[in-house]
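K.L.:
First the structure, which I've put down as structure tokens, then a few questions once you've had a look.
The values are calculated or read from the model by the stated rules, or taken from the named source; none is laboratory data. All values reported here derive from a predicted model rather than from experimental measurement. Quick reminder, even Gly has a Cβ in these numbers, built from the backbone with ideal geometry, and neighbours come from all protein chains shown.
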Amino acid sequence: MSERTQNLIETIKQKGKNIEAEMSFFDHLEVLRWHLIRASVAIVVFTVLAFVYYDFIFDTIIMGPKSPSFWTYRMMCIIGDKFNLGPDFCIKEIPFNIINTDMAGQFTLQMNSSLIIGLVLGIPYLLYELWRFIKPGLTELEAKSASGFVFYASLLFMLGVLFGYYIISPLSINFLANYKVSQVIQNQITIDSYLSSVATLTLGTGVVFELPIIIYILSKIGIMTPAFMRSSRRYAIVIILIIAAVVTPTPDILTMMTVSFPLFILYEISILISARVDKKRQREIMGKG
């Protein structure tokens, strides 16, 4: 067999391998597409349910932080009376009116807020579908060590959403509603602005609460180490305080510490998670050696 013929055969074999790899890549994309389609269907179902039961969602959930009878404000009154924090700590009024300035504004409001509710409720199933896609590519040991991914990621997200909704949103709304440059200016807040503020604060906190999961993943691939996180603790504290100051634009130190305290705890939990992953990696290296 001539050298030219051998080169031709090798070229054909290499081309065949490339085609097979490309087909495998597109097969994975097809599998991922169906996982995302199923997750999207779940979100659409939750969105439709939210649209159907919108009266309760709007009056009780969306407008909750606007009402002085909201759970957070009632707890603040109870705490204020018990510890003699003064009458200002007990919120009796949220001084602003909500208006609509667009012809289709209220219909758009119902659509957008229903979609946000559907997205929040559908996040756990979305994480489940992503886990089903990733799991076949993991080794048995890796799959076992990450078996609680969906549960813990969903739990942290929901805890973050609840914290954002019951703590950050009402405190921020109360401060901004009472902040006035001049008594001449009256607060007339559009419904889009109000919904955007509540949704951003709530969903943003849900994402921030995923910090332990993110640290776990970064630690598994060797990017994050417990030593680095411990040495960077002072910088993390400053960053957390800045985040708390931005999220709750209020000069009240008590409010700022209320927001930042769970973030401190999440950071410390993330250090423990990173240390556990690092210790396990060291044991594996020693076992191979």
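K.L.:
Just one of Ile78, Ile99 is more than 30 Å from Lys135 (Cβ to Cβ), modelled with pLDDT of 90 or more and assigned by TED's automatic domain parsing to the domain that holds Tyr125; which is it? Outline the logic, then answer.
P.N.:
Working: Ile78 fails: modelled with pLDDT of 90 or more.
Only one candidate qualifies: Ile99.
K.L.:
If I ask for residues that are among the polar types (S, T, N, Q) and either part of a helix (DSSP H, G or I) or without any contact (Cβ under 8 Å) to a residue 40 or more places away in the chain (or both), which ones from the range 222-236 would you list?
P.N.:
In the first step, residues of the range 222-236 are kept if they are among the polar types (S, T, N, Q); the result is 225, 231-232.
Those that are among the polar types (S, T, N, Q) and either part of a helix (DSSP H, G or I) or without any contact (Cβ under 8 Å) to a residue 40 or more places away in the chain (or both): Ser231, Ser232.
K.L.:
As an exercise: evaluate Leu171 against (1) surrounded by 21 or more Cβ atoms within 10 Å (Cβ to Cβ); (2) among the aliphatic types (A, V, I, L, M); (3) at pLDDT 90 or above and give the number of the one condition it does not meet.
P.N.:
(3)
K.L.:
Quick one: in the range 170-219, of everything that is more than 14 Å from the chain's Cα centre (by Cα) and of a type in the set (D, E, K, R), which residue is nearest to Phe261 (Cα to Cα)?
P.N.:
The extreme case among them is Lys180.
K.L.:
Please find, within the range 180-207, the residue that is farthest from Met111 (Cα to Cα) out of those that are of a type in the set (Ser, Thr, Tyr) and in contact (Cβ under 8 Å) with a residue 12 or more places away in the chain.
P.N.:
Thr205
K.L.:
Quick one: which of Glu284, Glu268 is more than 17 Å from the chain's Cα centre (by Cα), acidic (Asp, Glu) and at pLDDT 85 or above? Full working, then the answer.
P.N.:
Details: Glu284 fails: at pLDDT 85 or above.
After applying the criteria, what remains is Glu268.
K.L.:
Right, Ile191: buried (at least 17 other Cβ atoms within 10 Å of the Cβ), at pLDDT 85 or above, in the same structural domain as Val120 (by TED's automatic domain parsing) and within 24 Å of Phe89 (Cα to Cα) or not?
P.N.:
Numbers: buried (at least 17 other Cβ atoms within 10 Å of the Cβ): yes; at pLDDT 85 or above: yes; in the same structural domain as Val120 (by TED's automatic domain parsing): yes; within 24 Å of Phe89 (Cα to Cα): no.
No.
K.L.:
Scan the range 86-93 and give yes if some residue there is more than 22 Å from Ala199 (Cβ to Cβ), assigned to a loop (DSSP other than H, G, I, E, B) and touching a helix residue (DSSP H, G or I) at 6+ places or on another chain (Cβ under 6 Å), otherwise no.
P.N.:
Within the range 86-93, the subset more than 22 Å from Ala199 (Cβ to Cβ) is 86-90, 92-93.
Within this subset, residues satisfying the condition of being assigned to a loop (DSSP other than H, G, I, E, B) are 86, 90, 92-93.
Now drop any that are not touching a helix residue (DSSP H, G or I) at 6+ places or on another chain (Cβ under 6 Å), which leaves 90.
Among the residues of the range 86-93, at least one is more than 22 Å from Ala199 (Cβ to Cβ), assigned to a loop (DSSP other than H, G, I, E, B) and touching a helix residue (DSSP H, G or I) at 6+ places or on another chain (Cβ under 6 Å), which makes the answer yes.
K.L.:
Which of (1) assigned to a loop (DSSP other than H, G, I, E, B); (2) in the same structural domain as Lys280 (by TED's automatic domain parsing); (3) not aromatic (Phe, Trp, Tyr) is the odd one out, the single condition Gln183 does not satisfy?
P.N.:
(2)
K.L.:
Which one of Leu138, Leu159 is at pLDDT 90 or above and assigned by TED's automatic domain parsing to the domain that holds Tyr53? Explain how you work it out, then say what you get.
P.N.:
On the way: Leu138 fails: at pLDDT 90 or above.
Matching residue, one of Leu138, Leu159: Leu159.
K.L.:
Kindly check whether there is at least one residue in the range 96-105 that is in contact with a strand residue (DSSP E or B) (Cβ under 9 Å, 6 or more places away or on another chain) and in a helix (DSSP H, G or I). Step through it out loud before you land on a result.
P.N.:
Of the residues in the range 96-105, the ones in contact with a strand residue (DSSP E or B) (Cβ under 9 Å, 6 or more places away or on another chain) are 96-102, 105.
Then keep just the ones that are in a helix (DSSP H, G or I); that gives 105.
Taking every residue of the range 96-105 in turn, at least one turns out to be in contact with a strand residue (DSSP E or B) (Cβ under 9 Å, 6 or more places away or on another chain) and in a helix (DSSP H, G or I).
K.L.:
Check the range 84-101 and report whether any residue there is among the small types (Gly, Ala, Ser), within 28 Å of Ile43 (Cα to Cα) and loosely packed, with under 13 Cβ neighbours inside 10 Å. Don't jump to the end; show me each part of the working.
P.N.:
Of the residues in the range 84-101, the ones among the small types (Gly, Ala, Ser) are 86.
Those left that are additionally within 28 Å of Ile43 (Cα to Cα): none.
Checked against the condition, which is being among the small types (Gly, Ala, Ser), within 28 Å of Ile43 (Cα to Cα) and loosely packed, with under 13 Cβ neighbours inside 10 Å, the range 84-101 yields no hits at all.
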